[in-house]
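**Q** Mind looking over this structure? Questions follow.
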Amino acid sequence: MIRIVIAEDQRMLLGALGSLLNLEDDMEVIGKASNGQEAISLVDALMPDVCIMDIEMPEKSGLEAAEELKGLQCKVIILTTFARSGYFQRALKAGVSGYLLKDSPSEELASSIRSVMDGKRVYAPELIDDLYSEENPLTEREKAVLELIADGKNTKEIAEELNIKAGTVRNYISTILDKLDVKNRIEAITQSKEKGWFK
């Protein structure tokens, strides 16, 4: 019997998922959590085989919870509405066994759980396509400048840290905005985070 914990903050969906999986002969839902922190506690207490996790949840997101559960026996499957490559890359780094989208057919979830229990990894095909199509267009130096901006440093501080002139920093910033096709620094940082380009 495959023992499952589900973490999902939408109550109706949490109930529906639990009922669907309990219909499978070889599966049993042994715990339900409404946020990432509860999911971690349940996995620690119940030692399930699989934890199915939404991403956007209160207290701790599914990705933060997956990062904390990395290395445990429990396999994590992310089930989300978000097909963002940045989320997917972060989930891969957290070592999740599966990343599926909520609009997938319900029988796909059960077969994915079985595949994961067999040691396979299961990812939504559209995410794999995105992963290879979206390369970061910035050079290493431009990435360094943007990361320092994200850390809250101003032009003068960036120039000092990278040993370059303030005018050169300003040139880098305008190149970054052009390459990312954004209007300002905030948009550049937001886009880079969403695409998983920050270290």
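**Q** For residues that are within 24 Å of L63 (Cβ to Cβ) and in a helix (DSSP H, G or I), scanning just segment 9-19, find the one that is least open to solvent (accessible area, probe 1.4 Å).
**A** By that ranking, first place goes to G18.
**Q** Scanning segment 73-91 for residues that are of a type outside the set (K, R) and open to solvent by 60 Å² or more (accessible area, probe 1.4 Å), which turns out farthest from R3 (Cα to Cα)? Quick ask: steps written out before the conclusion?
**A** To start, the set of residues in segment 73-91 that are of a type outside the set (K, R) comprises 73-74, 76-83, 85-89, 91.
Now drop any that are not open to solvent by 60 Å² or more (accessible area, probe 1.4 Å), which leaves 73, 81.
Details: Q73: 12, T81: 24 Å.
Step by step, filter segment 73-91, then rank; the result is T81.
**Q** Oh, and also: Any chance you could count how many residues in segment 20-54 are outside any helix (DSSP H, G or I) and of a type in the set (S, T, Y)?
**A** Final tally of qualifying residues: 1.
**Q** Now for a separate question. When you scan segment 94-103, do you find a residue that is in a helix (DSSP H, G or I) and of a type outside the set (V, I, T), even just one?
**A** no
**Q** Looking at segment 20-31, can you tell me whether even one residue there is hydrophobic (A, V, I, L, M, F, W, C), open to solvent by less than 10 Å² (accessible area, probe 1.4 Å) and farther than 27 Å from G86 by Cβ?
**A** Yes, some residue in segment 20-31 is hydrophobic (A, V, I, L, M, F, W, C), open to solvent by less than 10 Å² (accessible area, probe 1.4 Å) and farther than 27 Å from G86 by Cβ.
**Q** Then there's this: With the condition kept exactly as written, say whether any residue in segment 72-82 is among the polar types (S, T, N, Q) and part of a helix (DSSP H, G or I).
**A** no
**Q** Moving on. Check whether at least one residue in segment 95-107 is under 22 Å from A16 (Cβ atoms), free of Cβ contacts under 8 Å to residues at least 12 places away in the same chain and either surrounded by 17 or more Cβ atoms within 10 Å (Cβ to Cβ) or not acidic (D, E) (or both), and report yes or no.
**A** Checking segment 95-107: at least one residue is under 22 Å from A16 (Cβ atoms), free of Cβ contacts under 8 Å to residues at least 12 places away in the same chain and either surrounded by 17 or more Cβ atoms within 10 Å (Cβ to Cβ) or not acidic (D, E) (or both).
The values are calculated or read from the model by the stated rules, or taken from the named source; none is laboratory data. In this text, all values refer to a predicted model and were calculated from it rather than measured experimentally. Cβ sites come from the backbone with ideal geometry, for glycine too, and all protein chains shown count toward neighbours. Please note that ligands, DNA and RNA were not included when accessible areas were found on the heavy atoms of the full protein model with its side chains. Shrake-Rupley method; radii C 1.70, N 1.55, O 1.52, S 1.80 Å.
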